[in-house]
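Below: the structure, in structure tokens.
The values are calculated or read from the model by the stated rules, or taken from the named source; none is laboratory data. These numbers come from a predicted model, not from an experiment. Cβ coordinates were reconstructed from backbone atoms using ideal geometry, including for glycine residues, and neighbour counts include every protein chain displayed. We work out accessible area using only protein heavy atoms, side chains counted, and drop any ligands, DNA or RNA first. Shrake-Rupley method; radii C 1.70, N 1.55, O 1.52, S 1.80 Å.
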Amino acid sequence: MSETNQAFDHSLVFNPSPEVIARARIKDWDAVKAAADADPQKYWAECASELDWYQTWNQVLDDSKKPFFKWFVGGKTNIVQNAVDRHAESARRNKLAYIWQGEDGSERFMSYGELAHDVNKFANVLKGLGVNRGDRVTIYMGRVLELPIAMLACAKIGAIHSVVYGGFSVDALRGRIQDSQSKVVVTCDGAYVSGKHIDLKDIVDAALYTDPPTPVKDVVVYKRTGKEVRMFNEENRRDHWWHEAMNAASSVCETEVMDAEDPLFILYTSGSTGKPKALLHTHGGYSVYTYATFRAVFDVQEDDRYWCAADPGWITGHSYIVYAPLMNGVTSVVYEGGPSYPAPDRWWSIVAKYRVSILYTAPTAIRGLMRFGADWPKKHDLSSLRLLGSVGEPINPEAWRWFYENIGNSRCPIMDTWWQTETGGFMITPTPVVPLKPGSGTRPFFTIKAEIVDDQGNAVPPESEGYLTILQPWPGMARTIYGDDQRYADTYWSRFPGRYFTGDSARMDKDGYYWIIGRVDDVLKVSGYRFGTAELESALVAHPAVAEAAVIGLPHEVRGNAIYGYVLLRTGHKDSPELREALRNHVAKMVGPIAKPEKVEVVDRLPKTRSGKIMRRLLKARAQGLPEGDISTLEE
Ligand code: WT7
């Protein structure tokens, strides 16, 4: 585990202002926390009753088959009923669901009524392609509104969406299509990001050109950029233009009645070993959890304009761009492109133009924008902001201060939300009235029982570092790894029997505030993105010159961590700057541009334990010139 980060000051407190308290829906956090913790099932049942159900549950929690928990057993719902249908049938019909800004400056305004109309049509398009309840659909798109529309259309008919982030490349996409056995892929001709054109359709074509073939028979292509693409029309593969299919589809579609525990989506994320795993979330518990956490933490009101600057392709986007904001009936801003394109004030111009009141982003983005200086935000009227948010990795106090002072004008509390793909929603997070400590997600959310433990699973005293575990189930938890229950149980519930193991190390201070230190498994957070060392190493080893590889993360000022690769070459290959460059590009090509290593080094040997495991910890210490620690297991 790592050393204390001295930059974090556990005694520095920012109290909420009287204005913040006056506006907050939850004024007495401690009272709500105490009541919720005393009876978690009652708390969640109350949250659930704020949503529509076709049939009420008869049991809030079934924990008879641990760790396979069930929530709202017997309940019938569909997340789309709560996210779209109920608004489209109410006075919110003409309220904006989304304001969209393209990187090229184009704009779209989409009401809840229009959203419902498009979701219905696309649901019928999918049905027309033979997509049924339980079938998987891979969505690989840029940041256009058709991405949430496609997700919602899947959910509406009971199909399982699998969104693959548009920054992933051919092999990563193909692996996810194969693993999920998707029937249909929904994509765009291309996407604009930071002035570049991403050839999404070409990447899909390359991913599907493989042996054994994928089960994909149909590809739907939304025309965003107008780039010329090849449209297949063959026996085993048909491509359809989104707009043509939509024109032909009916706008009337019944929402499928789903069991609370029926799957809603799978989402791939990296773990310490093997290939990325598909976490599965459900219609019932996930709805309740994301709806309620969002409502409490961002304290949304009718007049809010909310902007989560993440990508819908990650869990942040699933939960807090698509499902929770829509269930809460708020207006969200979606921006297609890069944060500093064409100039470093692009984001601030968007906040000013649409009068954004809540801005939720990641430390890496803040650090990136911070580099350009405070004159850029100063050029814009940011007075509409009332709350800020952060997610993805610990926010360093320097970035916290910059965000707080220059963007929030020292008025807007920062909701630092700790959670994971696996948790579905916020786990350790303040609400607006909670006193803040820069760099801490404050305390566990209502009903969440966290504990920091040592190797043996015993709680450690305050201020000591240990493994972050969660003691009780919560409705938003992933139910399993799709198709691999055993791996789910092993990965999350076996390290500390009976508890959920997060993979993070943390400290709790004397006030009960949690300070996340970082991953203790072989997972790297790079610019907030999650990679397994195993997948990066296997990308390196897939190169003909490489015999063996080890990957570590080293601290990076903007990205949090940067990827460093160490390789042993096969005989007949020689170290050269060209080869090292080729290896970096090879990883970018196989996994995605965001996974491009900062540096690849050629070495004669890798430090290993006698049982043959690479000692990444030692590589890391050596690279940073730090003490090597315990090397008794080293075989050299
Ligand atoms: C890992 C989960 C959940 C949305 C995005 C990430 C790190 C996440 C914080 C935070 C410190 C954080 C943890 C966690 N992390 N949020 N506020 N403070 N660390 O989801 O890709 O599944 O990654 O991100 O290490 O385990 P993810």
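What the table below lists for this structure:
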item: Hey, residue 485 farther than 30 Å from residue 299 by Cβ, touching a residue at least 60 places away in the same chain (Cβ under 8 Å) and surrounded by fewer than 16 Cβ atoms within 10 Å (Cβ to Cβ) or not; result: yes
item: Wholly within the stretch 521-578, strands (runs of 3 or more DSSP E) carrying at least 2 residues that are more than 17 Å from residue 274 (Cβ to Cβ) and either without any contact (Cβ under 8 Å) to a residue 60 or more places away in the chain or open to solvent by 10 Å² or more (accessible area, probe 1.4 Å) (or both); result: 546-556, 560-569
item: Subset tally (residues that are more than 14 Å from the ligand (Cβ to nearest atom) and open to solvent by 20 Å² or more (accessible area, probe 1.4 Å)) for the stretch 273-289; result: 3
item: Hits in the stretch 238-272 - residues which are farther than 30 Å from residue 59 by Cβ and within 16 Å of the ligand (Cβ to nearest atom); result: 268, 270, 271, 272
item: The stretch 32-83, residues that are among the small types (Gly, Ala, Ser) and open to solvent by 50 Å² or more (accessible area, probe 1.4 Å); result: 34, 35, 38, 49, 64
item: Considering residues of the stretch 492-520 that are outside any strand (DSSP E or B) and touching a strand residue (DSSP E or B) at 6+ places or on another chain (Cβ under 7 Å) only, the residue nearest to the ligand (Cβ to nearest atom); result: 520
item: Some residue of the stretch 344-364 being within 14 Å of the ligand (Cβ to nearest atom), in contact (Cβ under 8 Å) with a residue 60 or more places away in the chain and open to solvent by 10 Å² or more (accessible area, probe 1.4 Å); result: yes
item: Filtered residues of the stretch 191-204 (kept if at positive phi and open to solvent by less than 50 Å² (accessible area, probe 1.4 Å)); result: 195
item: Search result, residues across the stretch 231-242 that are in contact with a Lys or Arg (Cβ under 8 Å, 6 or more places away or on another chain) and open to solvent by 40 Å² or more (accessible area, probe 1.4 Å); result: 236, 238, 241
item: So residue 405, is it within 16 Å of the ligand (Cβ to nearest atom) and open to solvent by 50 Å² or more (accessible area, probe 1.4 Å); result: no
item: Positions within the stretch 522-531 being more than 9 Å from the ligand (Cβ to nearest atom) and farther than 16 Å from residue 598 by Cα, in sequence order; result: 522
item: Enumeration of residues in the stretch 158-167 that are part of a loop (DSSP other than H, G, I, E, B) and crowded, with 24+ Cβ neighbours inside 10 Å; result: 159, 164, 166
item: Residue list for the stretch 419-433, filter: within 14 Å of the ligand (Cβ to nearest atom) and either within 22 Å of residue 46 (Cα to Cα) or charged (D, E, K, R) (or both); result: 422, 423, 424, 425, 426, 427, 428, 429, 430
item: Leading residue by the ranking (surrounded by the fewest Cβ atoms within 10 Å (Cβ to Cβ)) among those in the stretch 290-306 that are polar (S, T, N, Q) and either without any contact (Cβ under 8 Å) to a residue 40 or more places away in the chain or under 19 Å from residue 413 (Cβ atoms) (or both); result: 301
item: Filter pass, residue 448 being open to solvent by less than 10 Å² (accessible area, probe 1.4 Å) and within 13 Å of the ligand (Cβ to nearest atom); result: no
item: Number of the condition not met by residue 98 [criteria: (1) in contact with a Pro (Cβ under 9 Å, 6 or more places away or on another chain); (2) exposed (fewer than 12 other Cβ atoms within 10 Å of the Cβ)]; result: (2)
item: Candidates 86, 108, 25 - the one that is touching an Asp or Glu at 6+ places or on another chain (Cβ under 9 Å), outside any loop (DSSP other than H, G, I, E, B) and either under 28 Å from residue 386 (Cα atoms) or open to solvent by less than 20 Å² (accessible area, probe 1.4 Å) (or both); result: 86
item: Residue list for the stretch 310-343, restricted to those being under 20 Å from the mean Cα position of the chain (by Cα), more than 23 Å from residue 282 (Cβ to Cβ) and open to solvent by 20 Å² or more (accessible area, probe 1.4 Å); result: 339
item: Inter-residue pairs, beta-carbon under 8 Å, first closer than 9 Å to residue 163 by Cβ and in the stretch 307-329, second open to solvent by less than 10 Å² (accessible area, probe 1.4 Å) and at pLDDT below 95, 6+ apart; result: 318/312
item: Leading residue by the ranking (nearest to the chain's Cα centre (by Cα)) among those in the stretch 384-402 that are polar (S, T, N, Q) and more than 7 Å from the ligand (Cβ to nearest atom); result: 396
item: Matching entry among 381, 375, 416 (being within 16 Å of the ligand (Cβ to nearest atom), of a type in the set (D, E, K, R) and open to solvent by 10 Å² or more (accessible area, probe 1.4 Å)); result: 416
item: Whichever residue in the stretch 580-593 is within 23 Å of the chain's Cα centre (by Cα) and open to solvent by less than 50 Å² (accessible area, probe 1.4 Å) and, among such residues, is farthest from residue 562 (Cα to Cα); result: 590
item: Any chance residue 53 is hydrophobic (A, V, I, L, M, F, W, C), touching a strand residue (DSSP E or B) at 6+ places or on another chain (Cβ under 8 Å) and assigned to a helix (DSSP H, G or I); result: no
item: Close pairs (7 angstrom Cβ cut-off, 6 or more residues apart or separate chains): closer than 15 Å to residue 183 by Cα in the stretch 199-221, of a type in the set (Asp, Glu) and at pLDDT 95 or above anywhere; result: 219/239; 221/189; 221/239
item: Residue match in the stretch 498-508 (condition: surrounded by fewer than 18 Cβ atoms within 10 Å (Cβ to Cβ) and touching an Asp or Glu at 6+ places or on another chain (Cβ under 9 Å)); result: no
